[in-house]
Amino acid sequence: MSTEPTEAPRTFAQKAIERASGEHDLAPGQIVDAYPDLYMSHTASWRCIRTLERMGVDRLYDRDRVAMVMDHISPAMNAKTAADHQLCRTFAERMGITNFFDVQAGIAHIVLMENGLVRPGQFIIGTDSHSTIYGALGAFGTGVGFSEITAAWVTGKLWVKVPESVRIEVDGALPVGSYAKDVMLKLIGDLGADGLTYCSAEFGGSYVTSRSVSERMTFCNLAMEMGAKNAYVAPDAITRAYLHDEAGVPADGYEVLLPDAGAAYRDVVRLDCSALTPQIAVPHTVDNVVAVDEVSGTRLDQVFIGSCANAKYDDLAIAAEVLAGHRVARGVRLVVTPASSAVMAKASATGVLATLIDAGAMITNAGCGACAGNGGAMADGEATLSTANRNFQGRMGSYQSKIFLGSPATAAASAIRGVITNPAEVLAETRTSRVAAAAGAGRTEGDGS
């Protein structure tokens with residue numbers, strides 16, 4: 001009989017950090033040196049470059065692990081930003097960094113996933129807190145500061161503490177008018193902004209496993225708003241199809257890491273979403289969440305559909321479905337910022353952009369846009385309904401303005417009426433009018449007209 005000890009069941013986070021560090025039998029709370037597969041830095045990559053210059057360092061640990069994306073201020077808004085972009089371009093060319101994406105590309109997270117740089121099992125760090133989004137493809141993604149990215153550029157590693165894990169099971173089928181964003185707003189409201197502080201959020205359940213990669217991005221992106229260190233959805237056939245068809249990743253180009261049965265979790269959270277109505281975060285915190293119906297009728301000056309949470313193709317298509325045949329209310333500005341140039345191209349080819357424009361939307365170039373304070377600012381007393389991931393005071397202009405957070409469908413319905421509106425109402429009205437129109441057409445044909 002073998003006397004060799006058996007390995008204790010492990011969560012995804014334990015396995016991912018073990019893979020990145022070369023260590024074994026890691027437990028939550030342990031600190032190890034990990035070697036990330038990818039280091040993402042956005043527009044402010046110039047901070048890392050200037051630090052290297054002050055240190056007198058002119059080499060990189062592995063240039064192929066560096067990814068730089070000029071997304072937060074694109075295009076440049078002044079001479080200072082233009083100089084920062086120029087520094088990044090020059091540095092990338094000099095150092096032979098091929099994973100450099102300029103101002104036309106779009107939001108870093110979406111661009112990296114579209115280009116096959118994010119794969120299951122990887123350990124990825126980025127200079128953006130919403131790097132948790134990479135868990136939508138089964139990777140361990142987490143946000144770090146520019147000093148950590150700079151250190152990784154040079155040494156290839158950084159220290160990381162193994163997080164506790166929380167399992168989040170979402171089951172049921174959503175009613176008409178509710179979407180993945182509503183599920184996440186409900187969870188954030190219930191658990192609070194610090195409910196998952198430094199935890200690995202593992203999403204599962206019948207609802208989650210039936211969702212597209214785009215919707216899984218929304219889950220993992222917004223997990224950060226509960227304080228999560230990283231987020232994760234187990235790779236499956238849906239993941240494989242995205243990697244092959246959308247990102248061009250070969251089937252043998254990644255290693256899937258799955259949590260073990262019997263792994264230890266700090267908590268298991270369960271949500272039945274079968275009766276979930278559209279949700280909205282009201283000023284000025286993301287966890288200040290109520291049902292849309294509780295604040296319906298609140299006047300709006302602007303609606304913003306954008307950000308890494310909800311400006312993917314599916315999000316724009318949902319907004320277009322609600323807006324089709326309608327016009328944006330007089331006095332309301334509808335700003336739509338696609339997540340990437342690829343998203344914009346697809347939306348153009350399928351007619352989604354035309355529907356949005358016909359309804360009165362203004363389409364901006366791909367990027368972070370108003371979510372990062374680049375355009376879409378508000379004056380004193382104004383209110384915006386945004387599909388972004390944060391509604392902090394002053395994030396979009398005046399500190400005397402208000403930001404509400406909702407789904408693309410809620411945003412579109414509210415743009416039509418000029419006040420916060422439950423999208424189920426608009427969708428029901430649209431269906432009724434279409435049925436009536438079809439019935440009228442049938443009667444006309446029967447009359448021989």
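A few points about this structure:
- Test result for residue 306, farther than 26 Å from residue 374 by Cβ and small (Gly, Ala, Ser): no
- Test: residue in the stretch 342-352 that is over 22 Å from the mean Cα position of the chain (by Cα) and either under 24 Å from residue 130 (Cβ atoms) or assigned to a helix (DSSP H, G or I) (or both): yes
- Residues located in the stretch 323-341, provided they are within 22 Å of residue 213 (Cβ to Cβ) and either in a helix (DSSP H, G or I) or not hydroxyl-bearing (Ser, Thr, Tyr) (or both): 336, 338, 339, 341
- Where a residue in the stretch 180-200 is within 18 Å of residue 142 (Cα to Cα) and its partner, wherever it lies, is crowded, with 24+ Cβ neighbours inside 10 Å and among the polar types (S, T, N, Q), with Cβ under 6 Å and at least six apart: 200/165; 200/230
- Residues satisfying the stated conditions in the stretch 279-317, i.e. assigned to a helix (DSSP H, G or I) and surrounded by fewer than 24 Cβ atoms within 10 Å (Cβ to Cβ): 293, 294, 295, 313, 314, 317
- Criterion violated by residue 81 - all others in (1) surrounded by 12 or more Cβ atoms within 10 Å (Cβ to Cβ); (2) without any contact (Cβ under 8 Å) to a residue 12 or more places away in the chain satisfied: (2)
- Total residues in the stretch 107-146, condition of a type in the set (Val, Ile, Thr) and assigned to a helix (DSSP H, G or I): 4
All of the numbers you see were taken from the coordinates with simple rules; none came from a lab. Computed from a prediction, not measured in an experiment: that's the story for all the values here. As a convention, Cβ positions derive from the backbone with ideal geometry for all residues, glycine included, and neighbour counts pool all protein chains shown.
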